[in-house]
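Peer 1: Take a look at this one; I'll ask things after.
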Amino acid sequence: MNYKNINKVALVAILLIAFGLPLVIRSATYLHILVLLFFYAYLTTSWNLVGGFAGVLPLGHAAFVGIGAYTSTILFLQYGISPWIGMLVGGVLATIAGILIGLPTFKMRGAYFALATIAFAEGFRVIVENIDYIGPFKINGPRGLQIPPLDIGLANFMFASKEPYYYIILIMLVAVVVLTYVISRSKLGYYLNAGGEEPEAAMALGVNVARAKLIAMAMSSFLTAMAGTFYAQFTLYIHPKSIISLDLSFEIAFIALIGGRGSIAGPILGALLLRPVGDFSRIYFGDTLPGMHLIIFGLVLILVMHYQPRGLQEPLTRLYNNLIRRITHNTTGR
Amino acid sequence: MVLLEVRGMTKEFGGLRAIDSLDLTIEKGQIFGLIGPNGAGKSTAFNCIAGAFAPTAGVITFNNETINGQKPWNLCKKGLARTFQIVKPFASKSVLYNVMVASFATTNSRQVAEEKAIKVLESLNFADKKDILSSNLTIADRKRLEIARALATEPKLLLLDEVMAGLRPNEVDEMVEVLKKIREQGTTIFVIEHIMRAIMALSDRIVVIQFGKKIAEGTPKEIANNENVIKAYLGEDYVAA
Ligand SMILES: Nc1ncnc2c1ncn2[C@@H]1O[C@H](COP(=O)(O)OP(=O)(O)OP(=O)(O)O)[C@@H](O)[C@H]1O
Ligand SMILES: [Mg+2]
């Protein structure tokens, strides 16, 4: 067996395990934790399109989650439109928002871009928190929106058990990872990496850097908003603090930086590591020290940045490659 | 046939006039040299021509089209490529990746881009290093990577900013041969260089600038014997003596 074949086998094995897990894990609590883990892996992978490949640090992606969640929920509650359609409408609105933010900010350097995205997301949260209606649409301010689970079924994106949600978010995750892989090997992927690393050189070589970043931002916002709809349907209750919070934006960035931004495996590895840490900290410190998980993430980030500035993805990939080399060596050498 | 024509090009930074109404004409197929003391404005001239800066005044005509103020990526697609005096590799990427970014200028297909990149690397005797991380290259190889990337965009005119600085004498000779070969394959070359031996051996024609102004123009032989040039490089006393 050669290297490529082993990779394929490993990939199939991981997919089989992921799709088979609900057959083994029957506890709703554990499934819930896994759903959120995939949800964060999905969010971070979507974020990575712009935050990883394009070399900027967006810190306001919660706004897109919020746009997705509120759009589909309002359309469903007020007009009976299926959340599946609402998901696409939310995606389009988030894309427009993403482009409007990107246009003036992508020319900014480093910290200014990050601050601008924070300002946008916080502004959006404050608005949602303080108004009850936008035109005919009921937002309901800080109280948020509740979706009554009356018509359960696929058409309404509502289920009585966790399994369907598990499979939906898993499929969404696989799809966005495949998309990332395809983009990273395409002209756009090369242009994003080049523009992120050395914009002047990239421009001289024919790369319209700002345009590539805008395209990445548009895709990233669309995909992020879709996760917002998923979250709304999963919890059936959304309010500004839960989905438009800085916490959420920061957690995505933490997962990306610790896992390895700009890589395909990084966001997944980051979520695998940080989500359980976060969950335990919320269980044990949730009452006494809320926000403890962010402090822990901060500490982990400092350690990782010090020893592995390109994220955990790098040493783990090296380990994996060594392992495979040893296996192939043993089988061919016998 | 005229490929590049610069008329009255001026570039000011605040109060400093880095280029002062510069004129020059480059014919297709030439190797055209630009020399001058440190800070004379050579790189600034390149930056204006390649679209990195908009010139304060003047007209730049490339391939019968006025190109003032056009964006660098559009100029690149029109056949104007440049290297940077201070090399700018995509450091976290391999040599091949670096060159592929450039070869995507003329194709959307990854496979075509890769084939083109490898061809360019082979023509520069560089293909054996294609998988090396560009941050691990020697200075000579980084300069070579700058050229490889610029070539991979399939330029009509190649602007080379001190690609021989920091090279050992034998590497300079090698580079001279490489540039001659590039010209033979049909690319016009506009080159800034401090190494006189190289620029004299290469150029069909040379322009000398000082304080942003042209002080001499001619064949290498004419330049070598020009009094203004000797003054600019060696000071008044030398000529008087
Ligand atoms: N972006 C800039 N902003 C302000 N001043 C600049 C800028 N770029 C160059 N200058 C100034 O313009 C003048 C010409 O600089 P330039 O880099 O073009 O010289 P050069 O001939 O390429 O010199 P060298 O041989 O050292 O490379 C210098 O005085 C320099 O300080
Ligand atoms: Mg210079």
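Peer 1: State which residue pairs qualify: first residue farther than 17 Å from B:Leu3 by Cβ and inside the stretch B:59-74, second residue assigned to a helix (DSSP H, G or I) and not charged (D, E, K, R) in any location, beta carbons under 6 Å apart, and separation of 6 or more residues or different chains.
Peer 2: Pairs found: B:Pro72/A:Met203; B:Pro72/A:Ala204; B:Trp73/A:Met203.
Peer 1: Looking at A:Gly123, A:Gly110, which is the one that is out of contact with any helix residue (DSSP H, G or I) (no Cβ under 9 Å at 6 or more places or on another chain), away from every other protein chain (no Cβ under 14 Å) and not β-branched (Val, Ile, Thr)?
Peer 2: A:Gly110
Peer 1: Another question, then. Looking at the stretch A:89-102, can you tell me whether even one residue there is out of contact with any Cys (no Cβ under 8 Å at 6 or more places or on another chain) and over 30 Å from A:Gly195 (Cα atoms)?
Peer 2: Scanning the stretch A:89-102 turns up at least one residue that is out of contact with any Cys (no Cβ under 8 Å at 6 or more places or on another chain) and over 30 Å from A:Gly195 (Cα atoms).
Peer 1: Moving on. List, please: which pairs have Cβ atoms under 6 Å, are six or more places apart or on different chains, and start with a residue in the stretch B:1-24 that is of a type in the set (Lys, Arg) and end with one that is away from ligand 1 (no atom under 16 Å from the Cβ) and assigned to a strand (DSSP E or B)?
Peer 2: B:Arg7/B:Asp23; B:Arg7/B:Val59
Peer 1: From A:Ile147, A:Ile127, A:Ile169, A:Ile131, which residue is in contact (Cβ under 8 Å) with a residue 60 or more places away in the chain and surrounded by fewer than 21 Cβ atoms within 10 Å (Cβ to Cβ)?
Peer 2: On inspection, the qualifying residue turns out to be A:Ile147.
Peer 1: Only residues that are within 13 Å of ligand 2 (Cβ to nearest atom) and either more than 14 Å from chain A (Cβ to nearest Cβ) or not small (Gly, Ala, Ser) (or both): list them for the stretch B:23-44, please.
Peer 2: B:Leu34, B:Ile35, B:Gly36, B:Pro37, B:Asn38, B:Gly39, B:Ala40, B:Gly41, B:Lys42, B:Thr44, listed by residue number.
Peer 1: Can you tell me how many residues in the stretch A:198-222 are within 7 Å of chain B (Cβ to nearest Cβ) and either farther than 18 Å from B:Val99 by Cβ or surrounded by fewer than 21 Cβ atoms within 10 Å (Cβ to Cβ) (or both)?
Peer 2: 2
Peer 1: Looking only at the stretch B:107-124, filter to residues that are within 11 Å of chain A (Cβ to nearest Cβ) and free of Cβ contacts under 8 Å to residues at least 24 places away in the same chain; which one of those is surrounded by the fewest Cβ atoms within 10 Å (Cβ to Cβ)?
Peer 2: My answer is B:Gln111.
Residues are listed down the side, and each one gets a yes or a no for (1) on the phi > 0 side of the Ramachandran plot; (2) loosely packed, with under 15 Cβ neighbours inside 10 Å; (3) away from chain A (no Cβ under 14 Å):
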site	(1), (2), (3)
B:Ala105	no, no, no
B:Asp128	no, yes, yes
B:Thr138	no, yes, yes
B:Arg142	no, no, no
B:Glu146	no, no, no
B:Arg149	no, no, no
B:Glu154	yes, no, no
B:Leu159	no, no, no
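Peer 1: Taking the stretch B:43-86 on its own, how many of its residues are under 30 Å from A:Arg310 (Cα atoms) and either of a type in the set (Asp, Glu) or crowded, with 19+ Cβ neighbours inside 10 Å (or both)?
Peer 2: The number of residues fulfilling the criteria is 3.
Peer 1: Here is a list: B:Asn38, B:Asn64. Which entry is on the phi > 0 side of the Ramachandran plot and of a type in the set (S, T, N, Q)?
Peer 2: B:Asn64
Peer 1: Output yes when any residue across the stretch B:114-122 is touching a strand residue (DSSP E or B) at 6+ places or on another chain (Cβ under 9 Å) and either more than 20 Å from A:Ala194 (Cβ to Cβ) or part of a helix (DSSP H, G or I) (or both), and no when none is.
Peer 2: No, that holds for no residue.
Peer 1: Taking the stretch A:271-297, which residues are assigned to a helix (DSSP H, G or I) and over 20 Å from A:Ala41 (Cβ atoms)?
Peer 2: Listed by number, the residues that qualify are A:Ile283, A:Tyr284, A:Phe285, A:Met292, A:Ile295.
Peer 1: Which residue is nearest to ligand 1 (Cβ to nearest atom), if the candidates are limited to the stretch B:7-42 and must be of a type in the set (Lys, Arg) and buried (at least 21 other Cβ atoms within 10 Å of the Cβ)?
Peer 2: My answer is B:Lys42.
Peer 1: For the stretch B:214-238, which positions are under 19 Å from the mean Cα position of the chain (by Cα) and touching a residue at least 24 places away in the same chain (Cβ under 8 Å)?
Peer 2: B:Lys214, B:Glu217, B:Pro220
Peer 1: Find the residue count for the stretch A:172-184, including only residues that are of a type in the set (A, V, I, L, M), loosely packed, with under 15 Cβ neighbours inside 10 Å and within 17 Å of the chain's Cα centre (by Cα).
Peer 2: 2
Peer 1: Which of the residues that make up the stretch A:299-332 are touching a residue at least 40 places away in the same chain (Cβ under 8 Å) and over 24 Å from A:Leu11 (Cβ atoms)?
Peer 2: Once the filter is applied, which keeps residues that are touching a residue at least 40 places away in the same chain (Cβ under 8 Å) and over 24 Å from A:Leu11 (Cβ atoms), the stretch A:299-332 yields A:Val300, A:Leu301, A:Val304, A:Met305.
Peer 1: Here's another thing I want to ask about it. Hey, among B:Glu154, B:Glu171, B:Glu122, which residue is at pLDDT below 95 and out of contact with any Asp or Glu (no Cβ under 6 Å at 6 or more places or on another chain)?
Peer 2: Residue meeting the stated conditions: B:Glu171.
Peer 1: Does A:Ala225 satisfy being buried (at least 23 other Cβ atoms within 10 Å of the Cβ), more than 10 Å from chain B (Cβ to nearest Cβ) and modelled with pLDDT of 95 or more?
Peer 2: So A:Ala225 fits the description; yes.
Peer 1: When only residues in the stretch B:181-195 that are in contact (Cβ under 8 Å) with a residue 40 or more places away in the chain and within 16 Å of ligand 2 (Cβ to nearest atom) count, which is farthest from B:Leu157 (Cα to Cα)?
Peer 2: Here the answer is B:His194.
Peer 1: Give me a count of the residues in the stretch A:145-171 that are over 23 Å from the mean Cα position of the chain (by Cα) and of a type in the set (Asp, Glu).
Peer 2: Here the count works out to 1.
Peer 1: Just one of the numbered conditions (1) without any contact (Cβ under 8 Å) to a residue 40 or more places away in the chain; (2) within 16 Å of ligand 2 (Cβ to nearest atom); (3) farther than 23 Å from B:Ala102 by Cβ is not true of B:Asn47; which one?
Peer 2: Tallying (1) without any contact (Cβ under 8 Å) to a residue 40 or more places away in the chain; (2) within 16 Å of ligand 2 (Cβ to nearest atom); (3) farther than 23 Å from B:Ala102 by Cβ, B:Asn47 fails exactly one: (3).
The values are calculated or read from the model by the stated rules, or taken from the named source; none is laboratory data. Values in this document were obtained by computation on a predicted structure and should not be read as measured data. Cβ sites come from the backbone with ideal geometry, for glycine too, and all protein chains shown count toward neighbours.
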